[in-house]
1. So which GluC sites (Glu not before Pro) in segment 74-168 are both in a DSSP loop and have at most 11 other Cβ atoms within 10 Å of their Cβ?
2. Give the long-range amide H neighbours of VAL65: residues separated by 5 or more places, or on another chain, with amide H under 5 Å away, using H modelled in the peptide plane at 1.01 Å from N.
3. Just the number, please: carbon plus sulfur as a percent of the accessible area of segment 96-168, 1.4 Å probe, no ligands or DNA/RNA counted.
4. Mind listing which trypsin sites (Lys or Arg not before Pro) in segment 96-145 are in a DSSP loop and have 16 or fewer other Cβ atoms within 10 Å?
5. Exactly which chymotrypsin sites (Phe, Trp or Tyr not before Pro) in segment 121-150 are in a DSSP loop and have at most 11 other Cβ atoms within 10 Å?
6. If you compute semi-axes √(5λ) of the Cα gyration tensor in Å for the structure shown, which of [x] 37, 15, 13; [y] 94, 11, 9; [z] 37, 20, 15 do you land on?
7. Place +1 on the Cβ of every Lys and Arg and -1 on the Cβ of every Asp and Glu in segment 60-114, take the dipole about the Cα centre, and give the residue among THR108, GLY96, ILE74 whose Cα lies farthest towards its positive end.
8. Length gain on complete extension for the stretch LEU83 to ARG37, per 0.36 nm per residue less the alpha carbon to alpha carbon distance?
Amino acid sequence: RAAFYMYDYTIHNLIERYAGENPVHFFFRNRGRAHLRGLELEAQLDLPAGFAVALAGQIERGESVDDDLPLHDIPPESLNLQLRKAFGPAFVQARGVIYANDDHPGPTERARPGYGLLDLGAGYSFAEFFELQAYVRNVLDKAYLITPDARATLAPGISASFTGFVRF
């Protein structure tokens, strides 16, 4: 399975959040026209012996038409690779993602260096209606800003979740 997306939008009357003189206060204004364009690629491949690979990548740009300044909330380029192995009703998986430098921050954002993350997971289906899954995120305890916002804090580091799913 594979998918490729390419988009090129012109947005009229974009409403933008911006900081006032006091960085605690934010305001909204009509930014005017904006141009948003990007490319996304997704591919999934089932391999022999219960293995599966998924790959995703994206590049996106957004600027105001009037002054060519970057827009808010445009993510940096990223590449995501996931490897999964099924063992009958169970699975294990590893997911790595690389984010490029964010050199085009919006008006209330800051530039951020690139970083990479590694997540590990496993699951088991006890029956067709009940499954348990466990994930450890940011296994390498990479420090990175949780958002591009000028007041953002560091992401929480290593975290784990244990989830049960019931299907009706």
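1. For GluC sites (Glu not before Pro) across segment 74-168 that sit outside H, G, I, E and B with at most 11 neighbouring Cβ atoms in 10 Å, the list reads GLU128.
2. So VAL65 has HN proximity to ARG33, ALA34, HIS35.
3. Values: 2830 of 4480 Å².
About 63 percent, which is the carbon plus sulfur part of the accessible surface.
4. Those that pass, being in a loop and sparsely packed, are ARG110, LYS142.
5. Passing sites in segment 121-150 are PHE129.
6. [z]
7. The listed residue farthest towards the positive side: GLY96.
8. On the way: separation 46, 0.36 × 46 = 16.56 nm, distance 2.93 nm.
Length gained between LEU83 and ARG37: 13.6 nm.
The values are calculated or read from the model by the stated rules, or taken from the named source; none is laboratory data. Fair warning: this is a prediction, and the values are worked out from it, not measured in the lab. Glycine gets a Cβ as well: all are built from the backbone with ideal geometry, and neighbour counts include every protein chain shown. With ligands, DNA and RNA removed, areas are computed over all heavy atoms of the protein, side chains included. Shrake-Rupley method; radii C 1.70, N 1.55, O 1.52, S 1.80 Å.
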